[in-house]
């Protein structure tokens, strides 16, 4: 798929002819109708609710339709502390979402465990099990931050390719759509992280 | 010349068919040519709440719940009739008063019968 020459397109637009490609049309439709999955885990969920309500109004970006079923949702906003008890359910919900699907990791807890990082029962970041598209720091992030993440996600969707080697992951047959659900082990979740997605940072000690 | 009045219904039915079928057809074509299907055990599972389902959906309910439903009806109907009766109590003629007393007696009789039969005991 060849890119349209920008100058030619601008010239045509001046004459009243609008030129677009299948990829742009597809991405335009997709990025402006992101339906989030309706679930919240902790205090970040309150900020997510505020974002959906009239004052911050996520409907301006086409994301107001919070779906109660993962089958109808495009976006998973992991809003809050992910406990180890909850992590398998979240991975399962992610697996049940239809492609293409995106994840926003909202708040310090969903990124890394946040203030509860030392807790025995808190998962140290949801990106150990599912791929995350946008991270928002904050404890909790303000609704503006969530809107910013939403716009970043829209920008990301807009850049996805329909064909070629670097096409979007959901269009590649070899890319997995489901990720293994962790089991409750004796002391921790088994496995503690998905090795295909997450590698713990290695500390090199110099003597 | 006025058009046939059924013409509008035919147009309406046509639009009502095309409107849902066209996007579904487009989505089907899209899936066929662009998006590879990726089914899996989680995605194809029946329940979608994140928790794995336990047991079978086709189970038998105990017949004892039937008795509960009947006794519930006694109290429920009684309450529905008693509230307007109590509101209009001062303005009621004697006949209406006796009528509601007979009605109450019938329901209380049913309750006494159920009690005497042992329906209020819960058997495991």
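The values are calculated or read from the model by the stated rules, or taken from the named source; none is laboratory data. Note that the structure is predicted; figures quoted are calculated from it, not measured. With ideal geometry, Cβ positions are generated from the backbone for all residues, glycine too; neighbour counts draw on all protein chains shown.
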Selection count where residues are within 26 Å of residue A:148 (Cβ to Cβ), in contact with a helix residue (DSSP H, G or I) (Cβ under 9 Å, 6 or more places away or on another chain) and either surrounded by fewer than 21 Cβ atoms within 10 Å (Cβ to Cβ) or without any contact (Cβ under 8 Å) to a residue 40 or more places away in the chain (or both), scope the range A:56-72: 10
Of all residues in the range A:157-168 being in contact (Cβ under 8 Å) with a residue 40 or more places away in the chain and surrounded by 14 or more Cβ atoms within 10 Å (Cβ to Cβ), the one that is farthest from the other protein chains (Cβ to nearest Cβ): A:158
Selected residue (criterion: nearest to the chain's Cα centre (by Cα)) from residues of the range A:174-191 that are over 13 Å from residue A:128 (Cα atoms) and more than 10 Å from chain B (Cβ to nearest Cβ): A:183
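Conditions tested, residue by residue: (1) at pLDDT 90 or above; (2) loosely packed, with under 12 Cβ neighbours inside 10 Å; (3) part of a helix (DSSP H, G or I).
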| site | (1), (2), (3) |
| --- | --- |
| B:62 | no, yes, no |
| B:73 | no, no, yes |
| B:81 | no, no, yes |
| B:98 | yes, yes, yes |
| B:110 | no, no, yes |
| B:114 | no, no, yes |
Cβ pairs under 8 Å, 6+ apart, first in the range A:85-102 and at the interface with another protein chain (Cβ under 7 Å from one of its Cβ atoms), second assigned to a helix (DSSP H, G or I) and surrounded by fewer than 20 Cβ atoms within 10 Å (Cβ to Cβ): A:96/A:71; A:99/A:170
Index of the failed condition, residue A:114 passing every other in (1) more than 11 Å from chain B (Cβ to nearest Cβ); (2) crowded, with 20+ Cβ neighbours inside 10 Å; (3) in contact (Cβ under 8 Å) with a residue 40 or more places away in the chain; (4) over 18 Å from residue B:38 (Cβ atoms): (3)
Which numbered condition residue B:31 misses (of (1) out of contact with any helix residue (DSSP H, G or I) (no Cβ under 8 Å at 6 or more places or on another chain); (2) within 30 Å of residue A:88 (Cβ to Cβ); (3) exposed (fewer than 11 other Cβ atoms within 10 Å of the Cβ)): (3)
Of all residues making up the range B:47-60, the number that are loosely packed, with under 13 Cβ neighbours inside 10 Å, more than 22 Å from the chain's Cα centre (by Cα) and farther than 30 Å from residue B:123 by Cβ: 2
Selected residue [within 30 Å of residue A:51 (Cα to Cα) and surrounded by fewer than 17 Cβ atoms within 10 Å (Cβ to Cβ)] from A:142, A:206: A:142
Count of residues meeting criterion [under 24 Å from residue A:26 (Cβ atoms), outside any helix (DSSP H, G or I) and more than 7 Å from chain A (Cβ to nearest Cβ)] in the range B:28-55: 2
Residue within the range A:66-77 that is assigned to a loop (DSSP other than H, G, I, E, B), away from every other protein chain (no Cβ under 11 Å), at pLDDT 90 or above and within 16 Å of the chain's Cα centre (by Cα) present: yes
Residue within the range A:122-140 that is away from every other protein chain (no Cβ under 14 Å), at pLDDT 90 or above and out of contact with any helix residue (DSSP H, G or I) (no Cβ under 9 Å at 6 or more places or on another chain) present: no
Residue match in the range B:12-22 (condition: surrounded by 10 or more Cβ atoms within 10 Å (Cβ to Cβ), at pLDDT 90 or above and within 30 Å of residue A:164 (Cα to Cα)): yes
